[in-house]
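The values are calculated or read from the model by the stated rules, or taken from the named source; none is laboratory data. Fair warning: this is a prediction, and the values are worked out from it, not measured in the lab. Cβ atoms come from the backbone with ideal geometry, glycine included; neighbour counts cover every protein chain shown.
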Amino acid sequence: MLSVNIREKSFVENVVVLKDVRLEVESAEVVAITGPSGCGKTTLLNLIAGLDSQFEGEITVNGTQGMDSLTIGVVFQNPRLMPWLTAIDNLLLVMKGDSQENLEICEQKLEQTGLFDARDYYPHQMSGGMQRRLAMARAFVNKPSVLLFDEPFSSLDVLTADRQRKLLAELCQETEPLVIFITHDLREAIAISDRIVFMSSSPSRVEDEYLVELDGARKVNDPEIDGIYSQLSKKYGF
C-alpha cells in the first residue's frame with residue numbers, strides 16, 4: 001500500500017501548493033488523479049517519486065519511507081529517452097547489472113510493446129508513439145511495485161492514445177503494480193482507472209473520489225463512459 005500524508009508543500013515566498021493531502025492506494029489498484037490546471041498534480045507526483053523531498057509530511061510504501069529505483073517506475077509527459085542510446089540500450093540502462101538475463105528481459109519488453117524490430121533505432125529515428133511505448137517499456141522492465149504516470153498520452157492523437165492505454169492495461173495485468181496516473185482528461189481518467197481522485201484548486205487537497213465500476217478494457221469514446229463523464233463533468237466543471 002502507498003500512503004501519502006502531505007501536511008504542506010510550498011515553493012519560494014511561502015506559496016503553498018499542496019495542503020493536507022491524504023491518499024492511500026492499494027496494491028494492483030489504478031488511481032487517476034485529476035483537477036484544475038496548475039493545482040499541483042505534477043508536484044504531488046514528484047513528491048511520491050522522491051524527486052522532491054522538501055515538504056512536510058510522510059510518504060510510505062508498505063510502511064517504509066522512501067523507494068529505490070527498482071521499486072518505482074515513472075513515465076513523464078516527455079519520454080526522456082537518452083538520445084545517444086538505441087532502444088535496447090535505453091532499457092538496459094535502468095537494469096541492475098549486466099547479464100544475459102537482463103538482455104532477454106529487455107528484449108521481451110520490446111516484443112510486448114511492438115518495438116523488437118526497432119531495437120537498434122535511436123530515439124530520433126522513432127515516431128512520437130514509438131518513443132512513448134519505449135518509455136513505457138522502460139518503466140515496466142524492472143517489474144516495479146509502484147508506477148507513476150504524468151499525462152504520458154496528452155499530445156497523442158486519439159487512436160494512438162487509445163492504443164497506448166490498451167498497452168498499459170496489458171502490461172499492468174502481467175505484474176499488477178500500484179499505479180498513479182496524472183491526467184487533465186476526465187474521459188481518460190474514467191477509461192484507465194479503478195478510482196478517480198479529484199484535486200481542488202491551489203493550495204490543493206483531495207476534494208473528492210469516484211469509484212469507477214466498469215469491467216474490462218475501455219476506450220475514451222465508449223458509450224458506457226459517456227454517462228459517467230456527463231455526471232462528473234457537470235459536478236466538477238470539466
Candidates K41, K96, K9, K19 - the one that is among the charged types (D, E, K, R), surrounded by fewer than 20 Cβ atoms within 10 Å (Cβ to Cβ) and at pLDDT 90 or above:
K19
Residue ranges of helices (runs of 4 or more DSSP H) in the stretch 118-226 with at least 3 members among the small types (G, A, S), buried (at least 19 other Cβ atoms within 10 Å of the Cβ) and assigned by TED's automatic domain parsing to the domain that holds T86:
128-140
Residue identified as at pLDDT 90 or above and either among the aromatic types (F, W, Y) or surrounded by 19 or more Cβ atoms within 10 Å (Cβ to Cβ) (or both) among V75, V61
V75
Are any of the residues in the stretch 130-143 charged (D, E, K, R) and under 26 Å from I59 (Cβ atoms)?
yes
So E151 fits all but one of (1) farther than 30 Å from F198 by Cβ; (2) of a type outside the set (F, W, Y); (3) in contact (Cβ under 8 Å) with a residue 12 or more places away in the chain; what number is the exception?
(1)
If I filter the stretch 215-233 for residues that are within 18 Å of G38 (Cβ to Cβ) and of a type in the set (K, R), do I get at least one hit?
no
Across the stretch 94-124, which residue is farthest from L47 (Cα to Cα) among those that are hydrophobic (A, V, I, L, M, F, W, C) and free of Cβ contacts under 8 Å to residues at least 24 places away in the same chain?
F116
